[in-house]
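Working notes, structure below.
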Amino acid sequence: MASRPQEEAWIADRRGMGRTGVEAVSAIQLCMAPHVLRKVLNKAIAVDLWSRLEELYITKSLTNKICLKKRLYTFRMAECTPVQKYLNKFNSILVDLESLDVKIKDEDKVILLVVSLSPPINILRRLYYIVILILYRLRISSLICYLRRN
């Protein structure tokens with residue numbers, strides 16, 4: 001019975017990719033969740049593996065845009081969530097939308113952020129119109145810096 005390194009060497013020779021190609025595929029596979037790995041397990045070449053991952057997860061389809069927009073518009077800060085953790089999640093949704101070429105104005109980002117804050121930060125909701133008028137002239141990064149300090 002052949003050992004694992006001998007099998008990898010045989011696969012590498014057969015495909016014409018050397019040992020580093022097999023190691024690249026293995027490294028990529030080690031970073032995957034089990035449900036993702038099952039979808040790409042038959043790919044032995046790093047380029048094929050990467051292409052399949054892009055095909056599965058980086059499509060700019062209407063479905064992805066709708067799901068991300070829904071996630072953004074329904075995103076709410078849970079009680080006792082640290083502001084930094086909440087802002088990181090909020091920003092990751094915005095970055096995902098920008099990667100799909102979805103443009104959201106800065107003032108809309110500010111409004112979404114203020115409205116989605118948790119009840120302990122509800123003071124901003126009470127001052128909603130004043131805050132919006134002030135923040136309308138500020139960029140979203142200024143608001144994030146302000147919330148991180150407080």
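Nothing in this text is a laboratory measurement; each read-out follows from the coordinates by a stated rule. Fair warning: this is a prediction, and the values are worked out from it, not measured in the lab. In this analysis, Cβ positions are derived from the backbone assuming ideal geometry, glycine residues included, and neighbour counts consider all displayed protein chains.
A few remarks follow.
- The label-point distance for Val95 and Val115, in a model that sets each label 7 Å from Cα toward Cβ, rounds to 2.5 nm.
- Violating pairs (Cα-Cα greater than 19 angstrom) within the set Lys39/Lys89; Lys65/Lys103; Lys85/Lys105; Lys39/Lys85; Lys70/Lys103; Lys39/Lys69: Lys39/Lys89; Lys85/Lys105; Lys39/Lys85; Lys39/Lys69
- Nearest-0.05 FRET efficiency for Met32 and Ile66, computed from C-beta distance (R0 25 Å): 0.45
- Gln84 versus Ile58: modelled label distance in nm, points set 7 Å from Cα along the beta carbon direction: 3.0 nm
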